[in-house]
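The structure under discussion appears below in the form of structure tokens.
Please treat every number below as a calculation from the coordinates, not as lab data. Bear in mind the structure is a predicted one, so any value in this text is a computation, not a measurement. Neighbour counts are summed over all protein chains in view; Cβ atoms, including those assigned to glycine, are modelled from backbone coordinates with ideal geometry.
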Amino acid sequence: MPSLFDPITIGAITAPNRIFMAPLTRTRATDGHVPTDLMIEYYRQRAGAGLIISEATGISRQGLGWPNAPGLWTQEQTEAWKPVTAAVHDAGGRIVAQLWHMGRLARPDVTGLQSLSSSTDRAPYHDPDKNPYDTPRAATLDDIRQTLDDYAAAARNAIAAGFDGVQIHGANGYFIDQFLRDNTNHRDDDYGGSPENRIRLMREVVERVIAEVGADRTSIRLSPNGETQGADDSNPEAVFVPAAKVLNDLGIAFLELREQAKNGTFGATSVPKLSPKIRQVFTGPLVLNQDYSKEAAQADLDSGVADAIAWGRLFIANPDLVERFRRDAALNTPNPKTFYAPGPEGYIDYPALEPAAA
């Protein structure tokens, strides 16, 4: 079986190892959602990853309701990504853009617009008296057509900006996930009701992105088990296993799953992981994410349930994570207080290992 340090082909990309960097929102873009020079260094430092999946990047003003997150819907944003992707490539890395529509989680104080979702349920918040989310309006067919156009345009912009491909954000309770799950989707049209109908939006988004950049440069992230940001499903196997079969038939480059566990440090659930059943219907590269140690990651490669593993918080604190794993070196501890803070602290100042002796 392959090791974490073996190369892998994922569609059009040949990754030099199977230690991927998960998408990580870091809020270092401008108020206008334009990437900054600080982001050039951040991504360059982490180019040793087999593949970098960029932070979630908005496809439209309607869909990006997170302060200082980057976008890919304007020419200015697209141009500002070019030195980021160039820096990664110059350092020998590979990077794909994660395309994001937040749906009902797009804050109106950021977008200036009412949010959009599958249905009109307001997202929950840990402090109901300070809930920043509004009551969304249910997407009309025209809204869906516009959103499909926005995904297609953002995918084109990603390639123009120098990304090696794109990942569609279909996880974590955001727009596509709001259509997939039965506790957030109460529609009675072709996009609601049966699992087949709830999968429809995901399939159409993927088809539109494939038409722009090719299946071999298209991937998607799903979070099939457990509740996330108020989104849940009464029978996740009935929707996510068929969804994975659809993605397999479309021939995408890879599928990434963010799976929660009983004792997860960032979301926990008793709902069983679906990766073993998804593995049976999705024959392309399967990437798993959530709370992995190096040893647990290698065990899942050995079992065949995964082809690569994505790490998030460890890549925040360890820009040279691949080399640290290779040398069995100590790991820096991430500082959550600076995850979303502005400026370089906790962003580009984590120490790297000294070069190995010749």
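Pairs exceeding 32 Å between alpha-carbon atoms, taken from K294/K337; K82/K245; K130/K337; K130/K262; K277/K337: K82/K245; K277/K337.
Taking every DSSP bridge with both residues inside the chain, close to 10 percent are antiparallel. The 3J(HN,Hα) values that the Karplus relation (6.51, -1.76, 1.60; θ = phi - 60°) gives for region 291-299 are, in residue order, 6, 8, 8, 4, 5, 5, 4, 5, 5 Hz. Gly and Pro appear as x. Dividing the convex hull volume of the alpha-carbon atoms in region 184-317 by its residue count gives 119 Å³ per residue. Qualifying GluC sites (Glu not before Pro) in region 276-358, where qualification requires a DSSP coil assignment and no more than 16 other C-beta atoms within 10 Å, comprise E345. Relative to 2.2 N^0.38 Å, what does the C-alpha radius of gyration of region 161-251 come to as a ratio? Two decimals please. The value comes to 1.06. When Rg and the Kirkwood radius Rh are both evaluated on Cα atoms of region 246-321, their ratio Rg/Rh stands at 0.98. Of the residues D189, D320, D150, which exhibits the maximal mean-square fluctuation in a Gaussian network model of the chain defined by a 10 Å Cα contact cut-off? Among D189, D320, D150, the largest mean-square fluctuation in the Gaussian network model of the chain belongs to D189.
Computed over the chain, the quotient of the alpha carbon radius of gyration and 2.2 N^0.38 Å is 0.93.
Taking amide H as placed 1.01 Å from N in the peptide plane, I95 has its amide H under 5 Å from the amide H of I52, D164, each at least 5 places away in sequence or on another chain.
Whole-Hz Karplus values for region 101-106 come out as 10, 7, x, 5, 8, 6 Hz, taken residue by residue from phi with 6.51 cos²θ - 1.76 cosθ + 1.60 and θ = phi - 60°; glycine and proline positions read x. Taking amide H as placed 1.01 Å from N in the peptide plane, I168 has its amide H under 5 Å from the amide H of L99, S219, I220, R221, each at least 5 places away in sequence or on another chain.
Of all the options D129, D177, D233, the one that moves most in a Gaussian network model of the chain with Cα springs shorter than 10 angstrom is D129. Once backbone amide H atoms are built at 1.01 Å from N, V305 has no partners under 5 Å, excluding neighbours fewer than 5 places away on the same chain. Only the Cβ atoms of Lys and Arg (+1) and of Asp and Glu (-1) were treated as charged; on that basis the dipole of region 8-338 about its Cα centre amounts to roughly 620 debye. When the alpha carbon gyration tensor of region 94-227 is reduced to an equivalent ellipsoid, the three semi-axes, largest first, read 25, 17, 14 Å.
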